[in-house]
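> Dropping the structure in here first, questions after.
Every number in this text was worked out from the coordinates using simple rules, so none of it is lab data. These figures come from a predicted structure and were not determined experimentally. Note that we place each Cβ from the backbone using ideal geometry, even for glycine, and neighbour counts take in every protein chain shown.
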Amino acid sequence: MKVLFATFLPMHNEIRQELDSAYNRVLDKSYFIQGDECRKFEEEFAEYCGVKYCVGVATGLDALFLILKAMNIGNGDEVIVPSNTYIATALAVSYTGAKPIFVEPEIETFNINPSRIEEKITSNTKAIITVHLQGRTANMEAINVIAKKHNLKVIEDAAQAHGAKYKGKKAGSLGDAAGFSFYPGKNLGALGDGGCVTTNDKALADKVRALGNYGSDYKYHHIYKGVNSRLDEIQAAFLRVKLPNLDRWNEDRRATAKKYFEGIKIL
Ligand SMILES: Cc1ncc(COP(=O)(O)O)c(C=O)c1O
């Protein structure tokens, strides 16, 4: 049997007509950056995650970087990150000028081991980034207790965890802020690059939005040294088509994983 590796075609064929009309809707309007599609997607994804705010950005890496910048984390600061993650988690920290401090994973989940965090905390530590690796949520209860005790921010790297739940709450709603990636292979993938930040903190959301838009809070008024990192209208329109299918697709992934677990014998 021929097994295709990570093909998106069957998934996109299911919703091809809706994708076509989303594309046509944007083309007809010809408004490509920071329009209604992005705003509506932000509202819909915030609601899906159970948070008040969502800010579209260009990539998952930018989402993490902008959260850290918005929290004023930079030179001389340290941020705890899991040693077992994709490189973007640590890169986001080092791009701010802060130092990533690595903590080894738990062997059962491959996620950050909360019992090894405190030994790495110093007077320079500002935040903990947790990663919900492959959709398995990190031990947020233990991490939030440590963070509270040491007055640290908790940032979720939820790039691999769209729709994942921890004690009934969705990834993206489990810390001070979360960064998502919409890279095409993610559970919720755009047809190109994309990302977003979710949070319940309005001031943080506003600052992330401004930082990702050249530091601008309104047109031609620049209050921060920002970057250009925005979710464009075409990708937002595609993501709006895909979001209502996310839970079903996650179920499909679980069913496929189950088949592999049952069908592959480890010798
Ligand atoms: C755990 C993790 N964090 C961050 C990222 C970065 O996302 P992006 O590729 O959209 O920048 C990824 C995705 O590749 C990831 O898997």
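> Put one equal scatterer on each alpha carbon of the chain, apply the Debye formula with no solvent term, and list log10 I(q)/I(0) at q = 0.09, 0.11, 0.13, 0.15 1/Å to two decimals.
Result of the Debye calculation: -0.42, -0.62, -0.85, -1.09.
> I need the Kirkwood Rh of region 141-267: take the reciprocal of the average 1/r across all distinct C-alpha pairs and report it in angstrom.
16.9 Å
> Work out, step by step, the length gained on full extension between Glu108 and Lys167: first 0.36 nm times the residue separation, then minus their alpha carbon distance; give nm to one decimal.
Result: 19.5 nm gained on full extension.
> Between Tyr166 and residues 5 or more places away or on another chain, which pairs have amide H atoms under 5 Å apart, with H built 1.01 Å from N, and which residues are they?
Here Ala171 satisfy the definition.
> Give me the one-decimal nm value for the distance between modelled label points at Lys40 and Lys219, 7 Å along each residue's Cα-to-Cβ direction.
2.2 nm
> Ala257 to Glu119: FRET efficiency via 1/(1 + (r/R0)^6), r the Cβ-Cβ distance, R0 35 Å, to the nearest 0.05?
Once the sixth-power term is evaluated, E becomes 0.55.
> For region 140-180, what does the alpha-carbon gyration tensor say about shape, rounded, prolate or oblate, given a ≥ b ≥ c as the root eigenvalues, a/c under 1.5 as rounded, and a/b over b/c as prolate?
It comes out oblate by the Cα gyration axes.
> Please report Rg over Rh for region 1-127, where both radii come from the alpha carbon positions and Rh follows the Kirkwood definition.
Radius of gyration over Kirkwood radius for region 1-127 works out to 1.09.
> Which aspartates and glutamates have a Cα less than 16 Å from the Cα of Lys169, not counting those fewer than 8 places away in the same chain?
Glu47, Glu141, Glu156, Asp157, Asp247
> Determine, for each peptide in 231-239, 245-253, 33-41, 179-187, the mean count of other beta carbons within 10 angstrom over its residues, then list the peptides with the highest first.
231-239, 179-187, 33-41, 245-253
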